[in-house]
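The values are calculated or read from the model by the stated rules, or taken from the named source; none is laboratory data. Keep in mind that this is a model prediction, so the values were computed, not measured. Don't worry about glycine lacking a Cβ; one is built from the backbone with ideal geometry, like all the others, and counts go over all protein chains shown.
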Amino acid sequence: MTLPAAPQGITLATAAASDFEALLALRLRAMRESLQRLGRYDEQRARERFAETFDPAHTQHLVVDGRRVGFMVLKTLSHTMRLNHLYIDPAFQRQGTGGRLLRWINHQADRQQLPVELVALKGSEANRFYLRHGFVAIGEGDWDIDYVRQPTGPSVQAVRRMWAAVQARDWAAMRCVLRDELVVLWWTSGERFEGADAFVAVQAAYPEGWAIRLVECERLEDGRVLSIVRVDHGATVHYATSIFKVDDGLIIGIDEYWATCETPPPWRTPQAFPGLAGFDPLDDPRAVAP
């Protein structure tokens, strides 16, 4: 299998049939803790499942500084890219290797305008990892969760560039992705901005101390782009849901709705409503710097 040049610092090497035992052992080391939490750690069952899908031609060793630190199985089909396996040896985890590799896979998928599909074990830290890199859960079984990441086209890329420029306070870069005749509606405050310069000016004048985290950025079926950003400003947390109109790579319209993160009212408690439970909205792996 021929792949484009791997990300910096990682060498991809095609596996051989004789690598089965070594890769199985690596997979068991990587999954042992998660499987034990679920009461599902069974080496014989793991051997049988891995043997059913082991395909050396699509299996790549991940080599860093001459040492195998993990492996992946990535297949490119006519309609999708399928990441069947991605494991980093526990001794080499939390060093950025998995993140660099997944960003590279996503980049290849964007170039080919293909989605990426994968499955993650319930309860595994891998779920937060994939959510952080733009994957969306689309279904689940008894033990696994199905994920997909849709490719980012020019319209989504324009919106992402805008938010990245805002977070960087790079107002010239922000202006470059806006049409002169941009119209922005802030529906929750009843404000209308006509012209790109007016919108950039109000962003630049916003009282400092804020940080943006991009939660969602997806193309809608009608061609518009939906984004959700979290804005941390001191002790206050806001959310902005924005719908963008993009033409020829430039943003020409934005409808934006703001909300403030707040505690629920006293009458709405888990004791009063069985099935209701609280959670920490700031503990969201999707919310990353744009």
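Residues that are modelled with pLDDT of 85 or more and either among the β-branched types (Val, Ile, Thr) or not assigned by TED's automatic domain parsing to the domain that holds residue 87 (or both) within the range 30-69 comprise 59, 63, 64, 69, listed in sequence order. I'm checking my understanding of the structure. Among residues of the range 193-206 that are touching a residue at least 12 places away in the same chain (Cβ under 8 Å) and within 13 Å of residue 169 (Cα to Cα), which one is surrounded by the fewest Cβ atoms within 10 Å (Cβ to Cβ)? Among those residues, the one meeting the criterion is 204. Here residue 219 meets each of (1) modelled with pLDDT under 95; (2) out of contact with any helix residue (DSSP H, G or I) (no Cβ under 7 Å at 6 or more places or on another chain); (3) under 27 Å from residue 137 (Cα atoms) with one exception, condition (2). Just one residue in the set 209, 223, 249, 275 is at positive phi, assigned by TED's automatic domain parsing to the domain that holds residue 189 and exposed (fewer than 10 other Cβ atoms within 10 Å of the Cβ); that residue is 209. Pairing residues of the range 78-101 that are at positive phi with residues that are assigned to a strand (DSSP E or B) and modelled with pLDDT of 90 or more, at Cβ distances under 9 Å and at least 6 apart in sequence or on separate chains, gives 94/88. Of the residues making up the range 116-143, those that are out of contact with any Ser or Thr (no Cβ under 6 Å at 6 or more places or on another chain), surrounded by 15 or more Cβ atoms within 10 Å (Cβ to Cβ) and closer than 18 Å to residue 53 by Cβ number 5. The number of residues in the range 69-91 that are more than 19 Å from residue 49 (Cα to Cα) and surrounded by fewer than 18 Cβ atoms within 10 Å (Cβ to Cβ) comes to 7. Residue count for the range 144-169, restricted to those that are in a loop (DSSP other than H, G, I, E, B) and within 20 Å of residue 246 (Cα to Cα): 4. Only residues that are out of contact with any Asp or Glu (no Cβ under 8 Å at 6 or more places or on another chain) and either of a type in the set (Gly, Ala, Ser) or not assigned by TED's automatic domain parsing to the domain that holds residue 112 (or both) were counted in the range 70-99, giving 5.
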